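The values are calculated or read from the model by the stated rules, or taken from the named source; none is laboratory data. Just so we're clear, the structure is a prediction, and the values are computed from it rather than from any experiment. Reconstructed Cβ throughout: ideal geometry from the backbone, glycine too, with neighbour counts over all protein chains shown.
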Amino acid sequence: MQRTLARRDVQTAGVATAAFGDIVSPCLASAPGRYTKQAPVTNHAARGPIGMRERIAWAVVLAVSSLIARAAAAAPLVRSIGCIGITVSDVDRAAEFYGRVLSFERAGEMEQSGEPLEQLEGVFAAHTRTVTLRLGSECIELTEYLSPRGRPAPPDARSNDRWFQHVAIVVSDMDRAYATLRSARVEYASSAPQRLPDWNPDAGGIRAFYFRDPDHHALEVLQFPPGKGEARWQRKDALFLGIDHTAIVVGDTGASLAFYRDALGLRVAGASENWGTEQEHLNAVFGAHVRITTLRAERGPGVEFLEYLSPRDGRPMPPDVRANDLVHWQTTLIAPEVQGSWHALHAAFVSPGPVALPGGRSAILLRDPDGHALLLASQ
């Protein structure tokens, strides 16, 4: 895709050079993006000042074309990360939990059915209710499939299984947040809140706790110490502040970087390796040694890779998982356009192609190298 965009910009630059008139008159060869000059001038000025002017003009054209091509190649496909979607069994119960316990505010609701939804999500006869909830600047979308009902989450799910995904909710006071969660009688996924040790310069001082929502989805609350995280996470005007990132378990950080960084254009914002008793009790995985890589777009929450260097016994994403199954999450990625770029991604596509959305937008559902679902949508 990047090469295609670069070629188009080179063509544009070629058209612009027509203004040089008799100084230079390039034309496109049969292969897009390649130039061939006209036949050499054979009059007496060919080796005089006009020849020099031609060479200078060509140097300018090539330099401008190179800059345009580089800019096009460097432009990320994904400009921002939108709502994190979660499939739930009862959208009213789930929305009540996220609102009452975690202070999310209802931002919208919609009911959908029909062929566009079926094609987008890959579920025949789909009929859904979706509630959008907002916390700070970030949002989640809770979707219940009224038809057909999907499968529940495995009761023995572990934090190193590769279908694992969570949202990390930043809190201003971990002790108060933990007391709130205990009062709500949430299901624990960590043994207790953990403070990551100071020997780890990237993560030292961060306090975190994993728990589960009514459908067994993993969630995290975390508190950043001064000097870590974004400045807005040091606010004290609310207990639950917003979503810093969504975390996904990956099998190979290199393969995930090739997809999220190199193909989608997200930038690496941080990396660390965490191990020790605190990490083990946070993830409830004995012997946990985790390579963590955080990527971000221009706006929105980050995407955090969790690669378990040990133990390596996490189970892969079920090959037949569908959007109505309760292990399904989908992260919305916003791009300037989808129609001309989706086919350049080497991914497993759930949708047969971009699906038209209201307002002239389009979207396509795909899966990353580990099977996590991504909704690539146009602005």
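Residues of region 178-209 that are in contact with a helix residue (DSSP H, G or I) (Cβ under 8 Å, 6 or more places away or on another chain) and part of a strand (DSSP E or B): Gln194, Arg195, Arg207, Ala208, Phe209.
Within region 163-185, no residue that is not assigned by TED's automatic domain parsing to the domain that holds Phe104 sits with its Cβ atom under 8 Å from a residue that is at pLDDT below 95 and outside any strand (DSSP E or B) at 6+ positions apart or across chains.
Each row is one residue, and each column tells you yes or no for (1) touching a helix residue (DSSP H, G or I) at 6+ places or on another chain (Cβ under 7 Å); (2) within 21 Å of Leu142 (Cβ to Cβ).
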{"position": "Asp313", "(1), (2)": "no, no"}
{"position": "Pro316", "(1), (2)": "no, no"}
{"position": "Val327", "(1), (2)": "no, yes"}
{"position": "Thr331", "(1), (2)": "no, yes"}
{"position": "Gln339", "(1), (2)": "no, no"}
{"position": "Phe349", "(1), (2)": "no, no"}
{"position": "Pro352", "(1), (2)": "yes, no"}
{"position": "Leu375", "(1), (2)": "no, yes"}
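Which residue out of Pro225, Pro201 is out of contact with any Pro (no Cβ under 6 Å at 6 or more places or on another chain) and surrounded by fewer than 14 Cβ atoms within 10 Å (Cβ to Cβ)? Full working, then the answer.
On the way: Pro225 fails: surrounded by fewer than 14 Cβ atoms within 10 Å (Cβ to Cβ).
Step by step, each of Pro225, Pro201 is checked, and only Pro201 is out of contact with any Pro (no Cβ under 6 Å at 6 or more places or on another chain) and surrounded by fewer than 14 Cβ atoms within 10 Å (Cβ to Cβ).
In region 210-234, which residue that is in a strand (DSSP E or B) and not hydrophobic (A, V, I, L, M, F, W, C) is nearest to Val167 (Cα to Cα)? Checking each candidate, the answer is Glu220.
Among the residues making up region 152-175, those that are of a type in the set (Gly, Ala, Ser) and within 23 Å of Pro319 (Cα to Cα) are Ala153, Ala157, Ser159.
Sort through Ala269, Ala255 and tell me the only one that's within 29 Å of Arg151 (Cβ to Cβ), under 17 Å from the mean Cα position of the chain (by Cα) and either surrounded by fewer than 21 Cβ atoms within 10 Å (Cβ to Cβ) or touching a residue at least 12 places away in the same chain (Cβ under 8 Å) (or both).
Working: Ala269 fails: within 29 Å of Arg151 (Cβ to Cβ).
Going through Ala269, Ala255 in turn, just one is within 29 Å of Arg151 (Cβ to Cβ), under 17 Å from the mean Cα position of the chain (by Cα) and either surrounded by fewer than 21 Cβ atoms within 10 Å (Cβ to Cβ) or touching a residue at least 12 places away in the same chain (Cβ under 8 Å) (or both): Ala255.
Looking across region 153-164, just one residue is of a type outside the set (Gly, Ala, Ser) and within 21 Å of Arg207 (Cβ to Cβ), and that is Phe164.
Check Pro358, Pro336, Pro316, Pro352 and return the single one that is surrounded by fewer than 18 Cβ atoms within 10 Å (Cβ to Cβ) and within 30 Å of Asp156 (Cβ to Cβ). Working first, answer last.
On the way: Pro358 fails: within 30 Å of Asp156 (Cβ to Cβ); Pro336 fails: within 30 Å of Asp156 (Cβ to Cβ); Pro352 fails: within 30 Å of Asp156 (Cβ to Cβ).
Only one candidate passes the filter, namely Pro316.
Within region 98-130, the residues that satisfy the criterion of being closer than 19 Å to Asp325 by Cα and β-branched (Val, Ile, Thr) are Val123, Thr128, Thr130.
From the list Gln339, Gln279, which residue is closer than 24 Å to Asp244 by Cβ and touching a residue at least 24 places away in the same chain (Cβ under 8 Å)?
Values: Gln339 fails: closer than 24 Å to Asp244 by Cβ.
So the residue among Gln339, Gln279 that is closer than 24 Å to Asp244 by Cβ and touching a residue at least 24 places away in the same chain (Cβ under 8 Å) is Gln279.
Taken together, the criteria place Arg185 among residues that are on the phi > 0 side of the Ramachandran plot and over 27 Å from the mean Cα position of the chain (by Cα).
Would a scan of region 124-147 turn up a residue that is touching a Ser or Thr at 6+ places or on another chain (Cβ under 8 Å) and free of Cβ contacts under 8 Å to residues at least 12 places away in the same chain? No, because not a single residue in region 124-147 is touching a Ser or Thr at 6+ places or on another chain (Cβ under 8 Å) and free of Cβ contacts under 8 Å to residues at least 12 places away in the same chain. For region 138-171, filtered to residues that are touching a strand residue (DSSP E or B) at 6+ places or on another chain (Cβ under 6 Å) and in a loop (DSSP other than H, G, I, E, B), the residue that is surrounded by the most Cβ atoms within 10 Å (Cβ to Cβ) is Phe164.
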